[in-house]
Amino acid sequence: MANIYVMELTLSDVAHQYVRSDRFVQQAVARGLLHGHRRLGRQVTVDDVAARSWARSLGRGRVWADETAAAALDLLDAGDTERLSSSARSRLRSRLRVMTAQQMAHALGGLPSWARYRGTAPVDAERIGPSAASDIDLGLVGGKDWMTFISVEDLDSFERDHDVVLDADGNLGVLQRDAGTTRRSRVLVDTYLLGDARQSAAAAAALEERAHR
C-alpha cells in the first residue's frame, strides 16, 4: 500500500503534536531549523514531512562543522577517513559508537533547506532518502511510495526551470544541497528523517549498526 503524506500544520499544531511549547517551535522556524512552507500574514504553516523530520533530529549539543560531518559520513560508509587529525578522528569514532540515529541526525544538521511541490521530478534529478534507499537493503517489503524525494543545488532555480507548484500536500519533496553528495550513509540519514515510520526505524537501525561497529 502506498504511503500517503498529506497535512499542513500551523506552528501550534507542530508544538502540540511533538509536545513542545509554541515558543520553542517559533524559535526553530526563526533559526532556520524548521522550514516553513508559507507565510500568510502572521501565520506560518509547515508541511508534515518537514515537521516530522525536524522532530526526529531534535537534540542537544553543537551541529558538526562541514569537515567533521564529512568525516563522520566517511566513517559510517567505510569505517575510516583521511579527514581531520588522528586525534580528532579517534574522538569522532568513539563518539559515533555511542550515538543514536537521532543524535547523528542532529549533529549532521537535520533537514536542510526544504520545499514541497506538486509536480513531477526531473528524470535526471538526484534521488535521496526513501527514493534512493532499497527496501530490500532495509529489510522491508513495501510498495511504491506516494512521494518522491530529490535534491537540487538551488530551490529558486528549480522552481523557475520546472513545472512545479509549491504545495504543502504535494508529492515532491526537494532538499537544497550541493550536487554529488549521495552516499550510503547520507541516504540512510535522509531516510531516517524523511521516511514513514517503518522506513525511518529501519534506517535508524542500519545507521546505528554502522556507527557502533
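Residues in the range 157-170: is at least one farther than 22 Å from Arg56 by Cα, buried (at least 18 other Cβ atoms within 10 Å of the Cβ) and out of contact with any helix residue (DSSP H, G or I) (no Cβ under 6 Å at 6 or more places or on another chain)? Checked against the condition, which is being farther than 22 Å from Arg56 by Cα, buried (at least 18 other Cβ atoms within 10 Å of the Cβ) and out of contact with any helix residue (DSSP H, G or I) (no Cβ under 6 Å at 6 or more places or on another chain), the range 157-170 yields at least one hit. Would the range 21-32 turn up any residue that is at pLDDT below 90, among the small types (Gly, Ala, Ser), more than 17 Å from Asn171 (Cβ to Cβ) and more than 17 Å from the chain's Cα centre (by Cα)? For the range 21-32, residues at pLDDT below 90, among the small types (Gly, Ala, Ser), more than 17 Å from Asn171 (Cβ to Cβ) and more than 17 Å from the chain's Cα centre (by Cα): present. Restricting attention to the range 81-103, the residues that are in contact with a helix residue (DSSP H, G or I) (Cβ under 7 Å, 6 or more places away or on another chain) and either more than 23 Å from Tyr192 (Cα to Cα) or part of a loop (DSSP other than H, G, I, E, B) (or both) total 7. Only residues in the range 187-208 that are touching a residue at least 12 places away in the same chain (Cβ under 8 Å) count as the first member; pair them with residues that are outside any helix (DSSP H, G or I) and of a type in the set (Val, Ile, Thr), Cβ under 8 angstrom, at least 6 apart or cross-chain, and list the lot. Pairs found: Val187/Ile128; Asp190/Ile128; Leu194/Ile128; Ala204/Thr100; Glu208/Thr100. List the residue pairs whose Cβ atoms are under 8 Å apart, where the first residue sits in the range 110-123 and is farther than 16 Å from Met7 by Cβ, the second is in a loop (DSSP other than H, G, I, E, B) and among the small types (Gly, Ala, Ser), and the two are 6 or more positions apart or on different chains. Listed pairs, sorted by first residue: Gly110/Ser57; Leu111/Ser57; Ser113/Gly32; Gly119/Gly170.
How many residues, within the range 185-213, are in a helix (DSSP H, G or I) and either buried (at least 19 other Cβ atoms within 10 Å of the Cβ) or in contact with a strand residue (DSSP E or B) (Cβ under 7 Å, 6 or more places away or on another chain) (or both)? Selection size over the range 185-213: 19.
Reported count of residues in the range 63-80, each being assigned to a loop (DSSP other than H, G, I, E, B) and either in contact with a Lys or Arg (Cβ under 9 Å, 6 or more places away or on another chain) or surrounded by fewer than 18 Cβ atoms within 10 Å (Cβ to Cβ) (or both), is 4. Every listed requirement among (1) in contact (Cβ under 8 Å) with a residue 24 or more places away in the chain; (2) of a type in the set (Val, Ile, Thr); (3) under 30 Å from Arg210 (Cα atoms) is met by Val164 save one, (3).
The values are calculated or read from the model by the stated rules, or taken from the named source; none is laboratory data. Owing to the predicted nature of the structure, the values given are computational and were not obtained by experimental measurement. Positions of Cβ are generated from backbone atoms using ideal geometry, with glycine treated the same way; all protein chains shown enter the neighbour counts.
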